[in-house]
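**Student:** The structure's right below; bear with me while I get my questions together.
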Amino acid sequence: MKIGFIGLGNMGGPMAANLARAGHEVTGFDLVTPCPEGVAKAKDAQAAVLEADVVITMLPNGAILRSVADEIIPAMSSGSCFLDCSTVDVESARDVAEQAQLAGLLAVDAPVSGGIGGASAGTLTFMAGGSDEGFAMVAPLFDIMGQKAVHCGESGAGQSAKICNNMILGVTMIATCEAFAMADKLGLDRQKMFDVVSTSSGSSWSMNTYCPAPGIGPQSPADNGYKPGFAAELMLKDLGLSQQAAENIDADTPMGALAKALYAEFVENEGGRGKDFSAMLPRFEKRGRT
Ligand code: NAD
């Protein structure tokens, strides 16, 4: 396939490289980041999408996605597919898909889970929204860039799944961190805490796979000075997206709202910016009830 790839940052770069390694003809464009090996550099976004069968975007947010979509949709070939893998608000995903469909294109929103490690290893999980035809066209690319793709429903359904998933993740990470800090004060050994919780009903991905306590459980950013990983500010962005959606649809999400408030405090006032989102544990260690 001919693939245009726009947004070659921490995630997009390795995803594009994996597609090129698998034998696809990939042309890339990024305002700042250089193309990875095997990806041809286009002079601008329009040049990257000309004659492409599939155009993939991996961009920071919905506003940037909308502006890139305005630029590239008129240049895309009829019948080609616009595959957005960024994490954006559900409304932007739906609007961009509609704009693409009106221009005679297929459109799929497919945000990912699995982080930078998953992008490099080709083990991402894709959660996709769009037509059956669109999903079928890009499914072979999901197989290269990831290990699992779930077709969640119509346009926007991928983003809906992503923000619900990450709302759970933000809440469980905070709960895991506050419980570790409390266990410390109770005099409980951290390894014993992990051994019990990871095999009990308090277990979660945050505890079992991404344990926020250094030296405990599998390797995680906690073992690397809380270097991200998944930055606290990206978690804050995703919690903002879920709260924005909750407001739009009148959903009651008190735990999500509290998680957003705590990450906002952490990122904006407590030195959390640039740290992994699991660095909530040292935050709780330093605090008492008041
Ligand atoms: P990043 O900042 O490393 O990469 C974004 C890239 O987009 C940058 O290289 C930037 O130069 C480029 N860009 C911005 N505006 C552009 C434009 N108008 N034209 C062309 N290029 C442009 O971010 P990332 O970590 O790769 O994340 C990308 C998306 O993936 C985000 O939506 C993020 O929420 C999501 N995501 C990230 C992770 C993670 O662990 N990093 C995990 C899952 C999902």
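What follows is calculated from the coordinates using simple rules that are stated; it is not laboratory data. As the structure is a computational prediction, the values presented were derived from the model and not from experiment.
**Student:** For the chain, what percent of Cα pairs sit more than 26 Å apart?
**Tutor:** So the portion of pairs separated by more than 26 Å is 46 percent.
**Student:** Based solely on its DSSP helices, what 222 nm [θ] is calculated for the chain when runs of n ≥ 4 H residues each add -39,500 (n - 2.57) and the sum is averaged over all residues, nearest 500 deg cm²/dmol?
**Tutor:** Dividing the helical sum by the residues of the chain leaves -15000 deg cm²/dmol.
**Student:** So for the chain, averaging the separation of alpha carbon pairs under 8 Å that are six or more residues apart and normalising by length, what relative contact order in percent results?
**Tutor:** That works out to 12 percent.
**Student:** Given 10 °C and 1.306 mPa s, compute D for the stretch 74-155 with the Stokes-Einstein relation, Rh being the Kirkwood radius over Cα pairs; round to the nearest whole µm²/s.
**Tutor:** Diffusion coefficient, whole number: 125 µm²/s.
**Student:** Okay, moving on. Running a GNM on the chain with Cα contacts under 10 Å, which residue among K260, K185, K41 ends up with the highest mean-square fluctuation?
**Tutor:** Most flexible of the set in this elastic network: K185.
**Student:** Here's something else I'd like to know. Using amide H atoms built in the peptide plane, which far-off residues or other-chain residues are under 5 Å from A149 H to H?
**Tutor:** F126
**Student:** How long are the semi-axes of the ellipsoid equivalent to the stretch 145-276, from square roots of 5 times the Cα gyration tensor eigenvalues, in whole Å, largest first?
**Tutor:** Numbers: eigenvalues 143, 63, 46 Å².
Working through the eigenvalues yields semi-axes of 27, 18, 15 Å.
**Student:** Take every Cα pair under 8 Å in the stretch 2-155 that's 6+ residues apart, average their separations, divide by the length, and report that relative contact order as a whole percent.
**Tutor:** Relative contact order, the stretch 2-155: 20 percent.
**Student:** Related question: Give the cross-link partners of K185 among the lysines, using a straight C-alpha distance below 22 Å as the criterion and excluding same-chain residues fewer than 8 apart.
**Tutor:** Cα-Cα hits under 22 Å: K286.
**Student:** Take the cross-link list K2/K43; K162/K227; K148/K227; K2/K41 and give me the ones stretching past 19 Å between alpha-carbons.
**Tutor:** K162/K227; K148/K227
**Student:** Using alpha carbon centroids, what distance separates the stretch 228-289 and the stretch 113-148, in Å?
**Tutor:** Going from one Cα centre to the other spans 26 Å.
**Student:** Once phi is turned into θ = phi - 60°, what whole-Hz ³J(HN,Hα) does the Karplus curve with 6.51, -1.76 and 1.60 give for every residue of the stretch 42-54, x standing for Gly and Pro?
**Tutor:** 9, 6, 7, 5, 4, 5, 6, 9, 4, 6, 6, 7, 9
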